Each structure stands twice: as structure tokens, then as C-alpha cells.
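A.B. asks: Below: one structure in C-alpha cells.
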Amino acid sequence: MTSATSTALRFAFAGMIAMAVAMGIGRFVYTPILPGMMQELHLSPADAGWIASANYLGYLVGALAAAGGWAHGRERLLMLAGLGASTVLAALMGLTEAMAAFLAIRFLAGLASAFVMVFMASIVFSHIAAAGRNDLQAWHFGGVGLGIAASAAMMAVLVAEHSGWAAGWLWSAAISACGFVLVALLANEGPLGNGEVTREPALRMDRSLVKVIVAYGLFGFGYV
């Protein structure tokens with residue numbers, strides 16, 4: 001195995017872990033925990049919907065903000081900040097019972113997960129492209145599904161019948177913290193360009209990009 005391939009595999013694995021933590025756990029662990037929250041906190045379906053919507057809104061704001069080009073040269077720092085925030089926010093969800101706090105925390109968690117998604121993708125893709133291993137992109141995005149499946153299984157195994165919904169969030173935070181450490185060690189530099197660390201270029205808005213944004217936006221509308 002060449003050095004370039006080894007590096008590409010390392011970054012692809014880091015991307016998988018980051019996606020599992022920020023997206024699979026940070027965004028979607030709410031789903032298996034929700035029934036317990038509704039039962040113990042007497043949340044209505046409308047309350048549950050508002051909490052989920054706050055997370056979606058945060059993700060939208062974060063994705064739009066991350067695309068502004070202001071983060072050039074700081075992609076790794078911002079990615080790790082988002083990953084760390086996702087960990088802390090998961091813990092905070094288990095330490096409160098206030099609806100207003102739930103809304104604020106889930107909004108910030110959505111924003112953090114968007115930062116990880118955007119900035120980690122730019123880091124991982126540059127390294128695997130430099131090694132000619134674009135096939136490893138699937139590893140990176142496969143982390144989302146891995147995190148969703150793992151978080152659901154985690155709730156079934158780690159949260160005992162009488163542990164309550166709060167334990168689910170605290171376990172999620174603990175596992176996310178482990179993921180944060182692994183990502184920080186594995187993804188030890190920012191995006192590459194021609195073999196050198198470089199800043200991500202500013203996003204150019206043109207008709208083709210607008211079409212993609214509209215199409216993907218409609219897909220997201222149907223998803224929600």
C-alpha cells in the first residue's frame with residue numbers, strides 16, 4: 001500500500017466517524033430517544049415537531065453560512081469545533097427539561113452538524129483525490145447511515161428500561177466524545193491542493209449551481 005493510499009484511507013475513515021457523530025448521532029439520535037421524551041415529559045406531537053424543526057433550521061443556517069467562503073484556511077478548526085459542539089449539545093439535551101432549551105440546543109446542534117458536513121467533506125475529498133481514490137467517497141458518506149443504525153442500536157442496548165430518555169442523550173455525548181478524539185487524531189491537516197495544504201476556493205454562484213440547489217431543496221422539502 002502506497003503512502004498516498006494509506007493517507008486517503010485514514011482521512012476516509014476519519015470522515016466516516018465524523019459523519020456518524022455529527023449526522024448519525026448529532027442529528028438523528030433524537031428519533032429513537034423521542035418516545036421516551038414524549039412519555040416522561042408529556043410532550044405533544046406538536047412539541048416534538050417543533051424540536052425537530054429547530055434542528056432542521058439550524059442545519060439550513062449552518063449549511064448556508066459554511067458556503068460563504070469566509071472559512072478559507074480554517075476548515076479543520078471549524079470542523080472540529082462543530083464536532084465538539086455536537087458532543088456538548090447532546091449532553092445538554094440530557095440535562096434539561098425545558099422546551100425553550102430543547103429548541104435552542106437542537107438549533108445549535110443542526111448548525112454544528114452542517115459545519116462538520118461541509119468542512120469535513122472538503123478535507124476528506126481533497127486527500128482522497130490526491131491519492132486517486134475517489135471511490136473512498138462512499139466511506140465518508142456511509143458514516144451517516146452507520147451513525148443512524150448505530151445510534152438506534154445503542155439506545156436499545158445502553159439505555160435500560162428504567163434509565164430514562166436523559167441517559168440516551170448522555171450516552172450519545174460520551175460516544176460522540178470518543179469519535180471527536182479519533183477524528184482529531186486521524187484528520188490531522190486541512191484540505192489539499194496539488195499536494196499542499198490549501199484553502200477551499202470561494203463558492204461561485206451560477207445558473208448550474210442554482211439548478212442543483214433548487215432541485216436538492218425540493219428533495220429536502222419532500223423529505224421533511
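The values are calculated or read from the model by the stated rules, or taken from the named source; none is laboratory data. Computed from a prediction, not measured in an experiment: that's the story for all the values here. All Cβ positions, glycine included, derive from the backbone under ideal geometry; neighbour counts span all protein chains shown.
A.B. asks: Determine the pairs where a residue that is touching a residue at least 40 places away in the same chain (Cβ under 8 Å) and closer than 14 Å to Phe102 by Cα, located within the stretch 37-65, has a partner that is of a type in the set (D, E, K, R) and outside any helix (DSSP H, G or I) with Cβ atoms under 8 Å apart, the partner being 6 or more residues away or on another chain.
C.D. replies: Leu41/Glu97; Asn55/Arg27
A.B. asks: Now for a different question. Buried (at least 24 other Cβ atoms within 10 Å of the Cβ), farther than 26 Å from Trp50 by Cβ and hydrophobic (A, V, I, L, M, F, W, C) - does that describe any residue in the stretch 69-88?
C.D. replies: yes
A.B. asks: Is it fair to say Glu97 is buried (at least 20 other Cβ atoms within 10 Å of the Cβ), among the acidic types (Asp, Glu), touching a helix residue (DSSP H, G or I) at 6+ places or on another chain (Cβ under 7 Å) and farther than 16 Å from Tyr56 by Cβ?
C.D. replies: No.
A.B. asks: Looking at (1) surrounded by 20 or more Cβ atoms within 10 Å (Cβ to Cβ); (2) over 28 Å from Val183 (Cα atoms), which is the one condition that is false for Pro35?
C.D. replies: Pro35 satisfies all of (1) surrounded by 20 or more Cβ atoms within 10 Å (Cβ to Cβ); (2) over 28 Å from Val183 (Cα atoms) except (1).
A.B. asks: The conditions are (1) under 21 Å from Tyr56 (Cβ atoms); (2) part of a helix (DSSP H, G or I), and Ile128 fails exactly one of them. Which is it?
C.D. replies: All conditions pass for Ile128, except number (1).
A.B. asks: For the stretch 107-114, check the following and say yes or no: at least one residue is within 21 Å of Thr5 (Cα to Cα), hydrophobic (A, V, I, L, M, F, W, C) and either modelled with pLDDT of 90 or more or not in a helix (DSSP H, G or I) (or both).
C.D. replies: no
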